[in-house]
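Have a look at the structure below, then the notes.
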Amino acid sequence: MAQCEQFTTAVDAVISRMRSLAAMLPERDGVAVFNRVYLAVTEEVDRHVDGGRFPDRRAAITLDVRFAERYLAAVEKAEDERRPPACWRPLFQMRHHPGVRPLQFALAGINAHIGHDLALAVVDACRSLGCEPLELEDEFDRVGDLLVSLEERIREDLMPGPDLLQIADPITHLLGSWSLERARDATWSSARALWALRGYPELAEEFTERLDAAVGFAGRMLLTPLAD
């Protein structure tokens, strides 16, 4: 019972932090846009865990919390004027740019969090639980399925109206170049590679740095300012 309460407290803590950010940040701030999306994802995962949708509740919560902590650590670094990971820098640098649309902010945050943070969170969770990544695959897939369904909702909510959404609109081409499902598949491969490299810290660090830089490059592309 005490262990279950500890897990619940950890989830409540990350949700509380995201709600505080939502109340503090201006609505149009790019980080605020992503934070609203991610808060919805975390609350949805929490509801699924409470509803018994995850076979291994402890594993699901551990992965969820380790995942969220990566994002919150990046926010704290930016707030303290320290350098966040490369994958997050484009969002923090472009968060007030008037030429970047809300959907771009949301997807750039998802790109950073899925493409980089999730792979590291899987490794963090495996260390905490004393298990192999393959033992977390079901939890990984279920969280990924929730993210994909929410991404579809996000695109519907934040996509420009029909008058703007034309085949020649640059955002149509820009957003068509990135896929959450492909990013999720690549992340699972990255997590397994990092786990295999855990006995080779220098190689693991190099792999992580290159992953971080590559995801950051994709984030810069997603945040390309567009004319109205």
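Select from the chain the helices, each a whole stretch of DSSP H, whose alpha-carbon atoms run 18 Å or more along the helix axis and whose Kyte-Doolittle mean is at least 0.0; answer none if there are none. Mind dumping the intermediate values first?
Numbers: long enough: 2-24 (33 Å, 0.38); 30-50 (30 Å, 0.16); 57-79 (33 Å, -0.17); 137-158 (30 Å, -0.70); 180-196 (24 Å, -0.47); 201-222 (31 Å, 0.03).
Span-like helices, by this rule, are 2-24, 30-50, 201-222.
How large is the accessible surface per residue of segment 53-108, computed with a 1.4 Å probe and reported in Å² as a whole number?
Using a 1.4 Å probe on heavy atoms only, each residue of segment 53-108 averages 43 Å².
Place +1 on the Cβ of every Lys and Arg and -1 on the Cβ of every Asp and Glu in the chain, take the dipole about the Cα centre, and give the residue among LEU120, THR172, LEU136 whose Cα lies farthest towards its positive end.
The listed residue farthest towards the positive side: THR172.
Rolling a 1.4 angstrom probe over the protein chains, ignoring ligands and nucleic acids, what is the accessible area of LEU129 in square angstrom, nearest 10?
40 Å²
How big is the gap, in Å, between the Cα center of segment 101-126 and the Cα center of segment 179-228?
Between the Cα centres of segment 101-126 and segment 179-228 lies a distance of 9 Å.
What residue among THR42, PRO26, ILE61 has its Cα farthest toward the positive end of the dipole of segment 25-77, where the charges are +1 on Lys, Arg and -1 on Asp, Glu, each on the Cβ?
Result: ILE61.
The values are calculated or read from the model by the stated rules, or taken from the named source; none is laboratory data. Since the model is a prediction, treat every value here as computed from it, not as a measurement. Ideal geometry is used to build each Cβ from the backbone, glycine not excepted, and the neighbour counts take in all protein chains shown. Note: accessible area is taken over every heavy atom of the protein model, side chains too, but ligands, DNA and RNA are not part of it. Shrake-Rupley method; radii C 1.70, N 1.55, O 1.52, S 1.80 Å.
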